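Report on one structure; see the data block that follows.
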Amino acid sequence: MSAAPVVVLIGPMGVGKSTVGQLLAERLGVGYRDTDDDIVAEQGRTIAEIFVDEGEPVFRAIEKQAVQRALTGHDGVLALGGGSILDEDTRALLLGQRVVYLSMDVEEAVKRTGLNAARPLLAVNPRKQWRELMEARRHLYEGVATVVVTTDGRTPEEVTQAALDALELKDA
Ligand SMILES: Nc1ncnc2c1ncn2[C@@H]1O[C@H](COP(=O)(O)OP(=O)(O)O)[C@@H](O)[C@H]1O
Ligand SMILES: O=C(O)C1=C[C@@H](OP(=O)(O)O)[C@@H](O)[C@H](O)C1
Ligand SMILES: [Mg+2]
């Protein structure tokens, strides 16, 4: 049966999609799903291993399938991987959805992801790489977002509340 998520979270690596997604699901009394987790479960290896073993284009193809399945088969909160909006078909699917773009500035990004080897795209010189990623992606995030929620200087709980307010949604 086809279903659509109540909220989809997008934004760059480390902005808090997975953390806030779980809190948002609790507040709304719905299930939580994360496409990175789906990929790891389906592939039986980590995201970093897929990047190293097969390269980014293969990861993106796997990700595209995982995102399409989740967008049509989940009715709770859905957190996407940060790069999933690079795919044009995925962006087209997102246009009909309630999408929250979580944003942050570069210093916050380095604090949250800089030393974390689980994110292969930021493994070397995270500040420069993050800036380049955002130059390529910012307009794509903004183009599919229903609302933008800034996370700088906010706790995950505060970000969750700001997202509920921006969407005019109430707790379960
Ligand atoms: N609002 C926040 N303030 C400070 N740290 C945060 C915040 N949201 C998430 N984090 C931390 O940043 C890291 C990345 O969060 P995560 O939810 O995995 O991001 P994403 O799924 O967007 O990559 C985690 O260590 C998490 O605890
Ligand atoms: O932005 C990206 O290209 C990526 C983001 C990651 O997910 P998070 O955004 O949850 O960290 C993960 O899918 C992979 O490392 C690639
Ligand atoms: Mg995540």
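The values are calculated or read from the model by the stated rules, or taken from the named source; none is laboratory data. Remember, predicted model here, so these are calculated numbers, not experimental data. Glycine also receives a Cβ, built like all others from the backbone with ideal geometry; neighbour counts cover every protein chain displayed. Protein only, heavy atoms only, side chains kept; ligands, DNA and RNA dropped before computing areas. Shrake-Rupley method; radii C 1.70, N 1.55, O 1.52, S 1.80 Å.
So, residue 110, is that one of a type in the set (A, V, I, L, M, F, W, C), more than 26 Å from residue 69 (Cβ to Cβ) and outside any strand (DSSP E or B) or not? Yes, satisfied.
Out of segment 24-40, which residues are within 14 Å of ligand 3 (Cβ to nearest atom) and either surrounded by fewer than 20 Cβ atoms within 10 Å (Cβ to Cβ) or of a type outside the set (A, V, I, L, M) (or both)?
Step one: filter segment 24-40 for residues within 14 Å of ligand 3 (Cβ to nearest atom), giving 24-25, 32-40.
Across segment 24-40, the qualifying residues are 32, 33, 34, 35, 36, 37, 38, 40.
Do the conditions hold for residue 69, that is, is it more than 16 Å from ligand 2 (Cβ to nearest atom) and within 20 Å of residue 34 (Cα to Cα)? In short, no.
Kindly indicate the residue of segment 127-147 that is within 16 Å of ligand 3 (Cβ to nearest atom) and of a type outside the set (A, V, I, L, M) and also nearest to residue 161 (Cα to Cα) among those meeting that condition.
Step one: list which residues in segment 127-147 are within 16 Å of ligand 3 (Cβ to nearest atom), which gives 130, 133, 137, 141.
Within this subset, residues satisfying the condition of being of a type outside the set (A, V, I, L, M) are 130, 137, 141.
Numbers: 130: 26, 137: 25, 141: 21 Å.
Result: 141.
Taking the criterion of being touching a residue at least 24 places away in the same chain (Cβ under 8 Å) and of a type outside the set (Ser, Thr, Tyr), the residues of segment 137-152 that qualify are 137, 140, 142, 143, 144, 145, 147, 148, 149, 152. Among the residues making up segment 1-13, those that are part of a loop (DSSP other than H, G, I, E, B), more than 9 Å from ligand 2 (Cβ to nearest atom) and modelled with pLDDT of 95 or more are 5, 6.
Does residue 161 satisfy being away from ligand 3 (no atom under 15 Å from the Cβ), free of Cβ contacts under 8 Å to residues at least 24 places away in the same chain and surrounded by 15 or more Cβ atoms within 10 Å (Cβ to Cβ)?
Spelling it out, residue 161 is indeed away from ligand 3 (no atom under 15 Å from the Cβ), free of Cβ contacts under 8 Å to residues at least 24 places away in the same chain and surrounded by 15 or more Cβ atoms within 10 Å (Cβ to Cβ).
Residue 75 falls short on exactly one of the conditions (1) among the charged types (D, E, K, R); (2) part of a helix (DSSP H, G or I); (3) open to solvent by 50 Å² or more (accessible area, probe 1.4 Å), and that condition is (2).
The set of residues from segment 14-56 being among the hydrophobic types (A, V, I, L, M, F, W, C), over 17 Å from residue 74 (Cα atoms) and not in a helix (DSSP H, G or I) comprises just one member, 15.
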